[in-house]
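The values are calculated or read from the model by the stated rules, or taken from the named source; none is laboratory data. This structure is a prediction, so every number in the text was calculated from the model and none was measured. For neighbour counting, all protein chains shown are included, and Cβ atoms are generated from backbone atoms with ideal geometry for every residue, glycine included.
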Amino acid sequence: MSIISIFPTDRVFVLTGAGISAESGLPTFRAEDGLWVGRKVEDICTPEALARDPEKVWLFYADRRADGLKAQPNPAHKALAELEAKIGDRFFLCTQNIDTLHEAAGSKRIVHMHGRLDRARCERECGRPPVEDMTIYKSLSEVPRCPCGGRLRPHIVFFGEIPLEMERIEAEIARATLMIVIGTSGNVYPAAGFVNWARANKARTVYVGPEPPLNANVFTQYVEGKAGQVLPGIFEVR
Ligand code: BV8
Ligand code: ZN
């Protein structure tokens, strides 16, 4: 049984990807039943795609909302919320996931660097903050407009767009002594580079997942297995 030791002086930075939500029934991206199978990223998840065919993009994320509404947090999400409850401000969670299963499990100190399914914002970037929106639109005509007249777009970071909360994330990585990366293939940057930043700071780096990620060589510990099976009971808080 693997153990991840957490010492009294440790500051823990956790990065999660689609793999942590796989056992909650949400598809990952690159698996044989993944989201990108049979779809081209550039047709869905780019600003150009939104400009070219906003209905196609909205229907894709409406489907994701429908899946998200049915999903429940699994023991991996709960294990992280329990760890946070134990070590408080020494814990920080950065997720690439747009689902809100971490929050449903009780996580508080969390940022969604690639956006959230349950938010929408003005496509004209008029400066108004994102709004809560979990509506499953059936057509573009149903999508509401911003008071400035712009149509709402999913509050999702598309490829070619700048991830959210990067300053906060960089500050948290700079003071992390332990980085735990769970369920991400290491294909997409800047997230895939976070472990290199942590290593440069002499932090311990742990990967948790059923297969080694692309950047496996940068980790000091590898915990092989499905997150929902290996995370419960893995944290030894000294
Ligand atoms: C940016 C929201 C500038 C949408 C997402 C050439 C080289 C390097 C980089 C680039 C390049 N050309 C372009 C880039 C940049 C580009 C990029 O990285 N492209 C890649 C494809 C090469 N990145 C960007 O455009 C980013 N923006 O760079 O801006 C910048 C840079 C620095 C600082 C400021 C500005 C924006 C990218 C964000 C795109 N939006 N998501 C949506 O969700 O629909 S990315 C999306 O895919 C996810 O959020 C995630 O980030 C990514 C990959 O997904 P994973 O989560 O890793 O899932 P995957 O399926 O791949 O893997 C699942 C893993 O889980 C597997 O390893 C599997 O083993 C494991 N697993 C399975 N079951 C379990 C499990 N693990 C545990 N338990 C289980 N049960
Ligand atoms: Zn607007």
Q.
Looking at the range 97-138 only, could you name the residues that are within 16 Å of ligand 2 (Cβ to nearest atom), small (G, A, S) and on the phi > 0 side of the Ramachandran plot?
A. G127
Q | Whichever residue in the range 29-47 is in contact (Cβ under 8 Å) with a residue 24 or more places away in the chain and β-branched (V, I, T) and, among such residues, is farthest from ligand 2 (Cβ to nearest atom) | A | V41
(Q) Which of the helices (runs of 4 or more DSSP H) found entirely inside the range 1-101 contain at least 1 residues meeting this: at pLDDT 95 or above and small (G, A, S)? (A) 47-52, 54-70, 75-87
Q.
I need the full set of residues from the range 166-199 which are surrounded by fewer than 23 Cβ atoms within 10 Å (Cβ to Cβ) and at positive phi, in order please.
A. G186
